[in-house]
Every structure is written in C-alpha cells, then in structure tokens.
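Participant: One structure follows; several queries about it will come next.
Only the coordinates and a few stated rules stand behind these numbers; no lab work does. Small disclaimer: the values here were computed from a predicted structure and weren't measured. Here Cβ is always computed from backbone atoms with ideal geometry, including for glycine, and neighbour counts include all displayed protein chains.
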Amino acid sequence: MQSWKKAIVVGALGVGATLIVSRRRPLGMAFAAAGLAVLASEYPEKFEAVWESAPEYLQKGLQIFSTLQKLGEGFAEEAEKRSVSAWREVKKQYR
C-alpha cells in the first residue's frame, strides 16, 4: 500500500474514533467508513474473508459479552452481601 493511502486510512479511522468517542457518532461513523472503504479497495480478498466469517465473530463476541455480564452480576451480588453484613456489624457495635 502506498504511503498516502496509509495516511488516509489511519487518519480517517483516527478521526472517526475520536468523533465517536466525543459523541459525534454520525460524523465519526462516516470517517471510519471512508477509511475502511479505502482499506477494502486495497485488500478486497481479505475483506471478503472477514465478511464471510462475520457471523462467527459476532457469536464469539456475544459469548464473551454474556460471560462478562454474568461475572459482573456475580461481583455485584457479592458486594451487596458484604455491604449488608458490614452494615449489620456496624449496627451491632453501636447498640
């Protein structure tokens, strides 16, 4: 890939990510899409392989998200139990 194309891809993706993080999502998505379009025009066969594997990637991502959600719920439940027991201990001390 030529250096000017690399600069366009990196610049567009960087600007897109910055805009998305700064809550200007539509404009950020447009820049990110432009960067990906230039990258896809340079490597169409790789993008085709990724596109065909997309359902597998989404399934794995959903599994990871589900596992993290269950883990977070477990931490929240444990924290709640500890806070209740700590509150009871404090109440006993000052009765």
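Participant: What does the charge count around Thr18 come to, taking other residues whose C-beta lies under 13 Å from its C-beta (Lys +1, Arg +1, Asp -1, Glu -1)? Each step should come with its number before you reach the end.
Facilitator: Details: positive: Arg23, Arg24, Arg25; negative: none.
Local net charge: +3.
Participant: Something else now. In the range 17-63, which trypsin sites (Lys or Arg not before Pro) fall in coil by DSSP and have 15 or fewer other Cβ atoms within 10 Å? Walk me through the numbers on the way to the answer.
Facilitator: On the way: sites: Arg23, Arg24, Lys46, Lys60; in loops: Arg23, Arg24.
Qualifying residues, ordered by number: Arg23, Arg24.
Participant: Quick check: the distance between the Cα centres of the range 74-95 and the range 5-43, to the nearest angstrom?
Facilitator: 48
Participant: I want to verify the translational diffusion coefficient of the range 4-91 in µm²/s; compute it with Stokes-Einstein, Rh as the Kirkwood radius over Cα pairs, at 25 °C and 0.890 mPa s. Walk me through the intermediate numbers first.
Facilitator: Numbers: Rh = 16.7 Å.
The calculation lands on 147 µm²/s.
Participant: With contacts defined as alpha carbon pairs under 8 Å and 6 or more residues apart, what's the relative contact order of the chain in percent? Show your work: numbers first, answer last.
Facilitator: On the way: 41 pairs, mean separation 17.8, N = 95.
This gives 19 percent for the chain.
Participant: What does the charge add up to near Arg88, with Lys and Arg as +1, Asp and Glu as -1, over the other residues with Cβ less than 12 Å from its Cβ?
Facilitator: Values: positive: Lys81, Arg82, Lys91, Lys92, Arg95; negative: Glu89.
Residues near Arg88 contribute +4 overall.
Participant: Please determine, in degrees from 0 to 90 and to the nearest 10, the orientation of helix 25-42 with respect to the longest principal axis defined by the Cα atoms of the chain, where the helix direction is its Cα long axis.
Facilitator: Value to nearest ten degrees: 50.
Participant: In the neighborhood of Gly35, defined by Cβ-to-Cβ distances under 13 Å, what is the net charge if each Lys or Arg adds +1 and each Asp or Glu adds -1? Mind dumping the intermediate values first?
Facilitator: Values: positive: Lys5, Lys6; negative: Glu42.
Summing Lys and Arg as +1 and Asp and Glu as -1 gives +1.
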